[in-house]
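K.L.:
Following this message is one structure expressed as structure tokens.
The values are calculated or read from the model by the stated rules, or taken from the named source; none is laboratory data. No experiment lies behind these values; they were computed from the predicted model shown. Cβ: placed from backbone, ideal geometry, glycine included. Neighbour counts: every protein chain shown. Just so you know, the surface numbers come from the protein's heavy atoms only, side chains and all, with ligands and any DNA or RNA stripped out. Shrake-Rupley method; radii C 1.70, N 1.55, O 1.52, S 1.80 Å.
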2 protein chains.
Amino acid sequence: MSQGEFDIIARYFTRPPRRREILLSVGDDAAVVATPAGKRLVVAMDTIVEGIHFLAGTAPEDIGYRVVAVNLSDMAAMGAEPAWMTLSLSAPAADESWIAGFARGMFEAADPYQVDLIGGDTVKGPLVATVQIAGWVEQDRWLTRSGAQMGDLIFVSGVPGEAAAGLATIQQKLPSTPAALHLQRRFLRPEPRVQRGRKLRSTANSAMDVSDGLLTDLDKLCAASGCSARVEIDALPLSMQALELFSRDACVDYALAGGDDYEMIFTLPPARLVEFQGMLGEGAVRCTQIGVITPPVPGNAVECWRAGQPFIPGRRGYDHFAPRDPSP
Amino acid sequence: MSQGEFDIIARYFTRPPRRREILLSVGDDAAVVATPAGKRLVVAMDTIVEGIHFLAGTAPEDIGYRVVAVNLSDMAAMGAEPAWMTLSLSAPAADESWIAGFARGMFEAADPYQVDLIGGDTVKGPLVATVQIAGWVEQDRWLTRSGAQMGDLIFVSGVPGEAAAGLATIQQKLPSTPAALHLQRRFLRPEPRVQRGRKLRSTANSAMDVSDGLLTDLDKLCAASGCSARVEIDALPLSMQALELFSRDACVDYALAGGDDYEMIFTLPPARLVEFQGMLGEGAVRCTQIGVITPPVPGNAVECWRAGQPFIPGRRGYDHFAPRDPSP
């Protein structure tokens, strides 16, 4: 059943806001938000496009989930508490079940964090979804990419490369074994590390989320911080499930250059290691030290080492608009 | 020359912020904003898509200008002072001159209001641009669609229909007469009514910007306010330039149902008319009373009258996802 834009917004995207600071939500020319005293507003925006960030034919629930999760991941990287968001959805036609599925996935990602959808725009067009997310952080206590210091220990949360391996199982139409399903879930339902980010605010010197690949994102962190880094290949946490299905070399490549993990990289001064370890609670996401921050080298590119020898990775990650694009 | 995403962002979209409240701008996982005491945050988001909101082949300057202007128009409708924005740009390829033109148009629209670009996302994909804009409004003094009262006078700013007439001159390839160029400029470079909105905060009962057509947008204002409206066709300000090129009936149709004007409709109680007229400064945008707010009728649809008789317009405006779409 085809419907008008305003019915769609009213039916699928309008819910009473749960946060007290939302004074006016979906339905007017703009939303109005009260700003809590002593807090800073943290704002990010991420876009996903069919054929680039997700395969054509991806379930609408997975698309809705993804566009929120990748934005939550930016809040995690800043140490912010996510609070509200606006959505721009360009979609080819108003298929009611598609829209309902998209909204379901979107709220599935947002609800655990009590993130309210307070406005946005729905238009007819190619399948492109953008979320702008905002959160609160205690005054002057946010994380950045630019705070890494010489000698900092570099950590990564979770198991990088599982999302890329999951995408490969879909593209290669591998059988639906438990390992393949685990990896696909990691690709389709990335878990933003919001609690980890909140805890790291007073401990980490720098943080960033991994969306384009561990090496390329670490390159960016180093460039922003004016330093370089040394990564020990043998310290990388590799996925048990990926190792079941792919060669060890492929798993290392996924871990170093695979996108879409939405894990965090962060750096700690060695003096705070004990404090950090004490902070890791039961059931917390695993964090693994994979290298150290080093003095800047020309180009600031991260160096990889394996068994005491320099290691040259086949690729470093994904760059939109790069002269030659590795596939995502 | 093809370039990486990060070079593009650094070169064209990174400028030192001008507002003191911007604590961290483009370049990290998110931006950080201080929130002035006593102000509310007003947030809107609008998306424009090639082939829907602008013609294929439109100059990048005009596209960049438009995506900012339509968002500024939402700030105007709320009576807010626009302050900062984030941009999502999906574009097929990183043609440097195209990106430079887009950025130029964007800042041309933003700079008069000192609106800082503080973040966003650039991805490869179909041509879709989204801006999320935010502004400040004095505590609890914003305008809404839902405040219209029975007996309010309905005003429109400027000359509605000129943008639609301008689009028609482009589509019909009319000669570039001064009249045609005037109308095309109104289509390509809509002027957000920000100052008008700021002044109306304490005078108007309700306000909204006109993006999809005067009647369809007035329908929405009435639905939000629980009332209806009577519009006098002969009171509509018609464009001198459009009347040079099109029939009177066509000009009435453009004024009632043409989109893309980004003028404001607002309603005033009759008791505030003198105050309102005193507020109109020299050189202010013309505002014209076109009707009155009436008790609700089933469906809340706005009624049109001409010479004492009901007038049935041929169309009311544009609805994305409507079963039958009139062309924009």
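K.L.:
For B:Phe311, list long-range residues whose amide hydrogen, built 1.01 Å from N in the peptide plane, is under 5 Å from its own amide hydrogen.
P.N.:
The list, which skips near neighbours in sequence, is B:Cys304, B:Trp305, B:Arg306.
K.L.:
With respect to the cross-link table entries A:Lys124/A:Lys173; A:Lys124/B:Lys220; B:Lys124/B:Lys173, which display a Cα-Cα separation exceeding 29 Å? Write out the running numbers ahead of the final one.
P.N.:
On the way: A:Lys124/A:Lys173 32 Å; A:Lys124/B:Lys220 20 Å; B:Lys124/B:Lys173 32 Å.
Checking Cα-Cα distances, A:Lys124/A:Lys173; B:Lys124/B:Lys173 exceed 29 Å.
K.L.:
Quick one: Cα centre-to-centre distance for segment A:220-252 and segment A:126-158, in angstrom?
P.N.:
Taking the Cα centre of segment A:126-158 as reference, the centre of segment A:220-252 is 19 Å away.
K.L.:
Suppose the Debye formula is applied to equal point scatterers at every Cα of segment B:206-290; what is log10 I(q)/I(0) at q = 0.19, 0.25 Å⁻¹?
P.N.:
Calculated log10 I(q)/I(0) at the listed q: -0.99, -1.37.
K.L.:
Same structure, new question: Provide A:Lys173, A:Lys39, B:Lys220 ordered by accessible surface of protein heavy atoms (probe 1.4 Å), highest first. Display every interim value, and only then the final one.
P.N.:
On the way: A:Lys173 170, A:Lys39 55, B:Lys220 35 Å².
Output order, biggest surface exposure first: A:Lys173, A:Lys39, B:Lys220.
K.L.:
Find every distance from the label point of B:Val285 to the corresponding label point in the other copies (7 Å from Cα along Cα→Cβ) and write them in nm, one decimal, shortest first.
P.N.:
Ordered by distance, the counterparts are at 4.5 nm.
K.L.:
Which of the aspartates and glutamates could be linked to B:Lys39 by a straight reach, that is with a Cα gap under 16 Å, when you skip same-chain ones fewer than 8 residues away?
P.N.:
B:Lys39 reaches A:Glu21, B:Glu21, B:Glu81, B:Glu138, B:Asp140.
K.L.:
Related question: Given only helices, namely DSSP H runs of n ≥ 4 each adding -39500 (n - 2.57), what is the per-residue ellipticity at 222 nm of chain A, to the nearest 500 deg cm²/dmol?
P.N.:
Working: 10 runs with 105 residues, N = 328.
Estimated from H runs of four or more residues: -9500 deg cm²/dmol.
K.L.:
If I take every Cα pair under 8 Å that is 6 or more residues apart in chain A, average their sequence separation and divide by the length, what percent do I get for the relative contact order?
P.N.:
Details: 732 pairs, mean separation 69.4, N = 328.
Over chain A, the number comes to 21 percent.
K.L.:
Give the shape of segment A:102-206 as rounded, prolate or oblate, defined through the alpha-carbon gyration tensor: a ≥ b ≥ c are the square roots of its eigenvalues, a/c under 1.5 means rounded, and otherwise the shape is prolate if a/b is larger than b/c and oblate if not. Before the final figure, lay out the partial values.
P.N.:
Working: a/c = 2.26, a/b = 1.20, b/c = 1.89.
Because a/c hits 1.5 or more and a/b fails to exceed b/c, segment A:102-206 counts as oblate.
K.L.:
Every other copy gets compared here: list the nm distances from the B:Pro112 label point (7 Å along Cα to Cβ) to its counterparts, shortest first, one decimal.
P.N.:
When each copy's label point is compared with this one, the spacings are 4.7 nm.
K.L.:
Next question, about the same structure. Which value in Å is the Kirkwood Rh of chain A over different Cα pairs? Please report the intermediate quantities before stating the final value.
P.N.:
Numbers: mean 1/r = 0.0485 Å⁻¹.
Kirkwood hydrodynamic radius for chain A: 20.6 Å.
K.L.:
Scan around A:Ser228 for amide H atoms under 5 Å from its own, H built in the peptide plane at 1.01 Å from N, and keep only partners 5 or more places away or cross-chain.
P.N.:
So A:Ser228 has HN proximity to A:Thr294, A:Val297.
K.L.:
How many Å³ per residue does the convex hull of the Cα positions in the protein assembly as shown occupy? Don't skip to the answer; put the middle values down first.
P.N.:
Numbers: hull volume 103.7 nm³, N = 656.
Spread over its residues, the Cα hull of the protein assembly as shown gives 158 Å³ apiece.
K.L.:
Further question on the same structure: Where both partners of a DSSP beta bridge lie in segment B:30-160, what percent of those bridges are antiparallel, to the nearest 5? Walk me through the intermediate numbers first.
P.N.:
On the way: 20 of 29 bridges.
If I count the DSSP bridges inside segment B:30-160, around 70 percent turn out antiparallel.
K.L.:
Could you tell me which helices of chain A pass both thresholds, a Cα extent of 27 Å or more along their own axis and a mean Kyte-Doolittle hydropathy of at least 1.0, with helices taken as whole DSSP H runs? Write down the numbers at each step before the final one.
P.N.:
Working: long enough: A:60-78 (28 Å, 0.39).
Qualifying helices, which must be both long enough and hydrophobic enough, do not occur.
K.L.:
Separate question: So what are the ³J(HN,Hα) numbers for segment A:194-199, from phi and the Karplus equation (6.51, -1.76, 1.60; θ = phi - 60°), rounded to whole Hz, Gly and Pro as x?
P.N.:
Rounded to whole hertz, the list is 5, 5, 4, x, 4, 5.
K.L.:
Here's something else I'd like to know. Please compute the Kirkwood hydrodynamic radius of segment B:204-247 from all pairs of different C-alpha atoms, in Å with one decimal.
P.N.:
Details: mean 1/r = 0.0809 Å⁻¹.
Kirkwood radius, segment B:204-247: 12.4 Å.
K.L.:
Step through the residues of segment B:307-317 one at a time and calculate ³J(HN,Hα) from phi using the Karplus curve (6.51 cos²θ - 1.76 cosθ + 1.60, θ = phi - 60°), rounding each to whole Hz and writing x for Gly and Pro.
P.N.:
3J(HN,Hα) across segment B:307-317, in whole Hz: 6, x, 10, x, 10, 9, x, x, 8, 10, x.
K.L.:
Also: At 7 Å along Cα-to-Cβ for each site, give me the label-to-label distance between A:Met240 and B:Gln277 in nm.
P.N.:
Distance between label points: 8.2 nm.
K.L.:
Highest GNM mean-square fluctuation, chain A, Cα pairs closer than 10 Å: which of A:Asp46, A:Asp29, A:Asp234?
P.N.:
A:Asp29
K.L.:
I would also like to ask the following. I need the P(r) histogram for segment A:19-77: all alpha carbon pairs, bin width 10 Å from 0 out to the longest distance, whole percents.
P.N.:
18, 33, 34, 14, 1
K.L.:
Spelling out what I want: for every residue of segment A:17-33, take phi, set θ = phi - 60°, compute 6.51 cos²θ - 1.76 cosθ + 1.60 (Karplus), and round to whole Hz; glycine and proline get x.
P.N.:
So the Karplus estimates, Gly and Pro as x, are x, 9, 8, 5, 6, 7, 8, 8, 10, 3, x, 10, 5, 7, 9, 10, 10 Hz.
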